[in-house]
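A quick write-up on the structure given underneath.
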Amino acid sequence: MTVTSYRFFVFLFIGAAVYYTAPKRMQWVILLCLSVVYYFLAATPYTILFLILSTVTAYTAGILMECRYFRGNKAAAKWITCITAAAVLINIFVWFLLKGNAFWMLGTRLLHESFPIFLQLGALKIVPALGMGYYTAQIIGYILDCYWGICTPQRNILKLFLFVGFFPQLTVGPISKYSELECLYRDHSFNYINIAHGSQRILWGLFKKLVISDRLAIIVNGIWTDTLFYNGFWPWIVVFVYPLEIYTDFSGCMDIILGAAELFDIRLPENFRNPFFSRTCQEFWQRWHITLGTWARDHVYYPVLKSRMMVRLGKWSKQHFSKRIAKLIPWAAGMWILWFVMGFWHGSSKHIIGVSAYFWTILVLSEICSPGLKKITGLLKVDTESFSWHFFQSVRTYIIYSIGVVFFTADRLTEAFEHVKVLIRTFSHPAWNPWIFFDGSIRSLGVSYRDLNVILLSLAALLGVDVLREKYGYARTWLDRQILPFRWMLYVVLLFAVLIFGMYGPGYNASEFIYGQF
Amino acid sequence: MKRRLLKFVSFMAMTGIIFYHVSRVLGYYDNIHSAAVFSQFYDLPSETVDAVWIGASSVQEFIIPPVMFEETGIALYSLAVGNEPFMASEFLIRECEREQDPSVYLVDIRQLAYTTQDDTYVRRITDNGKWTVNRLNAIRYMLNNLEFYHPGEYDAEIDYIFPFTKYHTRWGELKSEDFGKDDNCFFGYFMRINRQSFNEAEVRSRFDAIPQKPSEESLMYLNDFLDFCDTLDKKIIFTRTPNCLDENKFAQYNYIQEVIEERGYEVWDLNQDTYEMGIDYAKDFADSMHTNVYGAQKVSKYAAVKLSEELGLPDHRNDSRYACYGTMQEKFLERLGEMELTATTDFNRYLDRLIALDKNEYSVYIAVKDIQGYSLTQKMIKKLETLGLKNTDILLEHSYHSFVGIIANGGVIYQHIGNGEEPSHYAGVINGQTISMNSMTFKGGNNASIKLGGNEYAKNTRGMNFVVIDNKDSRILDSVAFDTHVSEITCTR
């Protein structure tokens, strides 16, 4: 059962009906039951044991931290640190065993050779749990927050299990903080607005995924499979179309998830804030996959910066370099660790060496060049607040991002470098083929002109909604001000756009969510 | 809260209504008009149908209900589509009971000698049926059978229940049929005009083939259906419509007939009556399995008389509730005329067909390319004059003439004959449509052009180029050219 299947919506409808008719103090129990049922319907049932294991480790760690023996006992602080580290490491280890792939083969091979038990485990072909990357990050965040005293450990293990396995976020996150999901345990009354807004958001997510993303996927998937034929400008189509595909896929799924949670009066944190309107790469990453960025910042970057080693590095830099460079060195080192962890979370070598290294380099370079660029724009008297300058910066950011995610489209690191080579070859004479944009060749990818029209119109609609979001925070803020017939017309148009133009039903294999693999 | 609930219900109702209409448009489509077979059935006034004939193409291409109505006044509906699985018969009868309550059911056994391995044939029934419990049961029964006898990959049951999930992608290929305008379905009959000749004696020799057991699957469907018939308090007659199939098939049908008769049901083997029907095996079949429209008319008239005389079905010809049968008969004849026109390759016959057309309902545009042709005869010129064209005997001269002629709104509204290199032109508006025509002889430009609304429809080959339009909907009925310069007067369509 995927979140775009009719079964999911039937499940949601029944779930919401039971949820609001049940006694309020039992609502979290209903959510827990729904989450378990969802897990059994959507994933390999036995893998729920991994969720239980994560919950038990986090619960035990939390309870031990709260234990009277340890509280206020300075001598026992080491024990608390050990407990925390053990809980975190157990979660990382389980995740590592089940989600690590090619890059980690060497490591796992060593493990296999050293400990035959792992060989036997490998033969069992144990599949990872649903949303493992997301809930593992979430539970690690919880353990660390408890350790740092940011949150109070949950004393009811079932409530903690609900925090880990709340069903909408098991597909692709978001990675919520414990404080953000404490609303799970509160009483919730039926509210028409929640149902209306949740449904709208689900519908908009379906539009992004089924109408736009799955159509763009046809274009993207066809090209890399035959780079001998699709050379020249063909791969550049992937470069600039894939970011749109991944955005509509991931943010579409997030809209469905956030909308589904809203039906239960639960607000999950936003994961996107119009990333393609960003002026700089740094801003881009503050608007893209926000919860992962926030998690990595709070649980990796800040602690690393505060670490003794970094403090020493800062002092050393101050002694040997100018003030600006001295500030830059620990920042760059901290950023590298942050990007390494982000790449590590994505679970493959292509992410760490490709995407992470690329963006870390871009961020460091932009930080180094930033004063110089400011001077140039000042000398040229560029109005940096004008629309055209903003537009130029957004396009620049889009291009930088597009080139970076070339690594995302490959299965392996070597394949990613092959893709880069193909891109570079475009500018050699035999591969020069700009006419493919005009002579109808694009249809050889399996998209008709009608599909292209649907894509263009849908992207225009997406742009319109994103502009409204940028201006009002939520497009619905604008929508709620409109007269009823206009609103209804928009809902009906959107609903039938999904029903008619959506890529679903027999003959279609709705592509998995790209971020579902993590 | 009440206001919100009202708003919610109103919105859902509005969406539901729109969805209903959209799903009807974006529904099942095939080139054998299955959707229209069902939609016309559901549109009939309730409790007007005396008899329903169920079967596959063995009924759909044999039985013309409006012709039967005209013959004896019986109201019969042919609820049959190509390759209709026999296992669907029970569902169809239940559907008829719900909608019409006829007194007689005729069930053709042709499909029992074939296996249904393709779920498309199942979908022809289930996707076009109304949303009823009966339909749900039919989907389950047929899918279970399919999966049991022909394991393979089939769509999920939910996709049969909501066929919109399969057909929503058809938005780019919608046709007039999808909007309820199907001109080639006549209460279940699907017209074919082509011809294939068979040796009558040879076919007749197969009639007495030694009975041969059909597949277990077919026998299971037959027995299931016979069990159902036992519970039904209606007259049920099994039929075998005329065909020219091989001996093996006749052998199987003979076996099936024995099984049915053993259970006490009547079987009408219409193959035995082809002589009385006047079936000409050389002209009345479209292929070995189906009659063409001429054969179908003979079968229908014969069956109408048989039903009327043997079962005493009433004559409704003077009953205003049955006016739809008369209307359908007119449509049938009109369509037959159109199909005959578009199938004609003989110039003389083509002119005859043009003469037979109602000049108020059709427009004819004629333009000559290169030369009007030395093979034109006095007889042809007379036919052109019967069409209303004047002084066309000039075309018999052995010299080059351009020619443009327009027959519309009941008569000739423009004609011009040019001499030598002189071209003939027309530009104007007829029935709200911009028309531009050119005729140029070999030395004068060598071109024939008939443009309607800016689009070229002329074949632009030597001789006389015709374009025929149905004025009702400005549909191009035919575009053809006859090379009247060669003795055999070749046809280009």
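Quick check on my filter: what residues within the stretch B:194-203 are loosely packed, with under 15 Cβ neighbours inside 10 Å and not small (Gly, Ala, Ser)? Talk me through it step by step, then tell me what you get.
As a first pass, look at the stretch B:194-203 and keep what is loosely packed, with under 15 Cβ neighbours inside 10 Å: B:194, B:197, B:199, B:201-202.
Hits for the stretch B:194-203 are B:Asn194, B:Asn199, B:Glu202.
Mind checking which helices (runs of 4 or more DSSP H) fall wholly inside the stretch B:2-85 and carry at least 3 residues that are within 14 Å of the chain's Cα centre (by Cα), away from chain A (no Cβ under 14 Å) and buried (at least 21 other Cβ atoms within 10 Å of the Cβ)?
Filter on the stretch B:2-85 gives B:34-43, B:57-60, B:65-72.
Let me confirm something: among A:Arg450, A:Arg487, which residue is assigned to a helix (DSSP H, G or I), under 24 Å from A:Phe233 (Cβ atoms), within 14 Å of chain B (Cβ to nearest Cβ) and in contact with a helix residue (DSSP H, G or I) (Cβ under 9 Å, 6 or more places away or on another chain)?
Result: A:Arg450 is the single residue among A:Arg450, A:Arg487 that is assigned to a helix (DSSP H, G or I), under 24 Å from A:Phe233 (Cβ atoms), within 14 Å of chain B (Cβ to nearest Cβ) and in contact with a helix residue (DSSP H, G or I) (Cβ under 9 Å, 6 or more places away or on another chain).
Sort through A:Ile436, A:Ile442, A:Ile455 and tell me the only one that's hydrophobic (A, V, I, L, M, F, W, C), surrounded by 15 or more Cβ atoms within 10 Å (Cβ to Cβ) and within 14 Å of another protein chain (Cβ to nearest Cβ).
It is A:Ile455.
Collect the residues in the stretch B:303-329 that are crowded, with 16+ Cβ neighbours inside 10 Å and among the polar types (S, T, N, Q), keeping them in residue-number order.
Across the stretch B:303-329, the qualifying residues are B:Ser308, B:Gln329.
Could you tell me which residue of the stretch A:490-506 is nearest to B:Asp155 (Cα to Cα), considering only residues that are free of Cβ contacts under 8 Å to residues at least 60 places away in the same chain and more than 10 Å from chain B (Cβ to nearest Cβ)?
The qualifying residue nearest to B:Asp155 (Cα to Cα) is A:Val493.
Mind checking whether some residue in the stretch B:375-387 is within 30 Å of B:Ser78 (Cα to Cα) and of a type in the set (Lys, Arg)?
Checked against the condition, which is being within 30 Å of B:Ser78 (Cα to Cα) and of a type in the set (Lys, Arg), the stretch B:375-387 yields no hits at all.
Kindly indicate the residue of the stretch B:249-278 that is of a type in the set (D, E, K, R) and either in a helix (DSSP H, G or I) or not assigned by TED's automatic domain parsing to the domain that holds B:Phe225 (or both) and also surrounded by the most Cβ atoms within 10 Å (Cβ to Cβ) among those meeting that condition. Even if it seems obvious, please write down each step before you answer.
So the first thing to find is which residues in the stretch B:249-278 are of a type in the set (D, E, K, R), and the list is B:249, B:258, B:261-263, B:266, B:269, B:273, B:276.
Narrowing further to those that are either in a helix (DSSP H, G or I) or not assigned by TED's automatic domain parsing to the domain that holds B:Phe225 (or both): B:249, B:258, B:261-262, B:273, B:276.
Working: B:Lys249: 20, B:Glu258: 12, B:Glu261: 12, B:Glu262: 9, B:Asp273: 15, B:Glu276: 12.
Restricting to residues being of a type in the set (D, E, K, R) and either in a helix (DSSP H, G or I) or not assigned by TED's automatic domain parsing to the domain that holds B:Phe225 (or both), the top hit is B:Lys249.
Could you look through the stretch B:131-160, keep only residues that are touching a Lys or Arg at 6+ places or on another chain (Cβ under 8 Å), in a helix (DSSP H, G or I) and closer than 16 Å to A:Tyr504 by Cα, and pick out the one that is nearest to the other protein chains (Cβ to nearest Cβ)?
Ranking the qualifying residues of the stretch B:131-160, first place goes to B:Asp159.
In the stretch B:466-493, which residue that is farther than 21 Å from B:Lys383 by Cβ and of a type in the set (Asp, Glu) is surrounded by the most Cβ atoms within 10 Å (Cβ to Cβ)?
B:Asp470
For residues that are part of a loop (DSSP other than H, G, I, E, B) and within 28 Å of the chain's Cα centre (by Cα), tally how many sit in the stretch A:3-25.
Number satisfying all stated conditions: 3.
With the stretch B:419-483 as the region, which strands (runs of 3 or more DSSP E) entirely inside it contain at least 2 residues that are in the same structural domain as B:Ile394 (by TED's automatic domain parsing) and under 12 Å from B:Ile406 (Cα atoms)?
Hits in the stretch B:419-483: B:424-430, B:433-441, B:463-470.
A:Ile223 fails exactly one of the following numbered conditions: (1) outside the structural domain of A:Thr44 (by TED's automatic domain parsing); (2) of a type in the set (Val, Ile, Thr); (3) at pLDDT 85 or above. What is the number of that condition?
(3)
Looking at (1) surrounded by fewer than 16 Cβ atoms within 10 Å (Cβ to Cβ); (2) closer than 18 Å to B:Tyr114 by Cα, which is the only condition B:Asp230 fails?
Tallying (1) surrounded by fewer than 16 Cβ atoms within 10 Å (Cβ to Cβ); (2) closer than 18 Å to B:Tyr114 by Cα, B:Asp230 fails exactly one: (2).
Let me spell it out: the conditions are (1) touching a residue at least 40 places away in the same chain (Cβ under 8 Å); (2) within 14 Å of another protein chain (Cβ to nearest Cβ), and A:Leu462 meets all of them except one. Which number is the exception?
Going through (1) touching a residue at least 40 places away in the same chain (Cβ under 8 Å); (2) within 14 Å of another protein chain (Cβ to nearest Cβ) one by one, A:Leu462 breaks only (2).
A:Gly222 - would you say it is in contact with a Lys or Arg (Cβ under 7 Å, 6 or more places away or on another chain) and over 22 Å from A:Asp265 (Cα atoms)?
No; evaluated as a whole, the condition is false for this residue.
Quick one: would you say A:Ala410 is surrounded by 14 or more Cβ atoms within 10 Å (Cβ to Cβ), in contact with an Asp or Glu (Cβ under 9 Å, 6 or more places away or on another chain) and touching a residue at least 24 places away in the same chain (Cβ under 8 Å)? So that I can check it myself, show each step before the final result.
Numbers: surrounded by 14 or more Cβ atoms within 10 Å (Cβ to Cβ): yes; in contact with an Asp or Glu (Cβ under 9 Å, 6 or more places away or on another chain): yes; touching a residue at least 24 places away in the same chain (Cβ under 8 Å): yes.
Here the answer is yes, as A:Ala410 does meet what is asked.
If you scan the stretch B:413-465, which residues turn out to be surrounded by fewer than 19 Cβ atoms within 10 Å (Cβ to Cβ), without any contact (Cβ under 8 Å) to a residue 40 or more places away in the chain and under 23 Å from B:Asn391 (Cβ atoms)?
B:Ile413, B:Tyr414, B:His416, B:Asn419, B:Gly420, B:Glu421, B:Glu422, B:Pro423, B:His425, B:Ala427, B:Gly428, B:Gly445
Quickly run through the stretch A:453-484 and pick out the residues that are among the hydroxyl-bearing types (Ser, Thr, Tyr) and not in a helix (DSSP H, G or I). Let's see the steps before the verdict.
Looking only at the stretch A:453-484, we keep the residues that are among the hydroxyl-bearing types (Ser, Thr, Tyr), and these are A:458, A:472, A:474, A:477.
Matches in the stretch A:453-484: A:Tyr474 only.
Are there any pairs with C-beta distances below 6 angstrom linking a residue in the stretch B:291-302 that is at negative phi and assigned to a loop (DSSP other than H, G, I, E, B) to a residue that is surrounded by fewer than 24 Cβ atoms within 10 Å (Cβ to Cβ) and not polar (S, T, N, Q), with the two at least 6 apart or on different chains, and if so which?
Short answer, once both residue conditions are applied: B:Asn292/B:Arg192; B:Asn292/B:Ile193; B:Asn292/B:Arg195; B:Asn292/B:Ala286.
Looking at B:Asp224, B:Asp183, which one is surrounded by 15 or more Cβ atoms within 10 Å (Cβ to Cβ), among the acidic types (Asp, Glu) and not in a helix (DSSP H, G or I)?
Numbers: B:Asp224 fails: not in a helix (DSSP H, G or I).
Exactly one of B:Asp224, B:Asp183 is surrounded by 15 or more Cβ atoms within 10 Å (Cβ to Cβ), among the acidic types (Asp, Glu) and not in a helix (DSSP H, G or I), namely B:Asp183.
Let's see how each residue does on (1) crowded, with 19+ Cβ neighbours inside 10 Å; (2) in contact with a Lys or Arg (Cβ under 6 Å, 6 or more places away or on another chain):
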{"position": "A:Arg215", "(1), (2)": "yes, no"}
{"position": "A:Leu244", "(1), (2)": "yes, no"}
{"position": "A:Ala261", "(1), (2)": "yes, no"}
{"position": "A:Asn271", "(1), (2)": "yes, no"}
{"position": "A:Pro275", "(1), (2)": "yes, yes"}
{"position": "A:Phe284", "(1), (2)": "yes, no"}
{"position": "A:Arg297", "(1), (2)": "no, no"}
{"position": "A:Pro303", "(1), (2)": "no, no"}
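The values are calculated or read from the model by the stated rules, or taken from the named source; none is laboratory data. On a predicted model such as this, the values are computed, not experimentally measured, just so you know. Ideal geometry is used to build each Cβ from the backbone, glycine not excepted, and the neighbour counts take in all protein chains shown.
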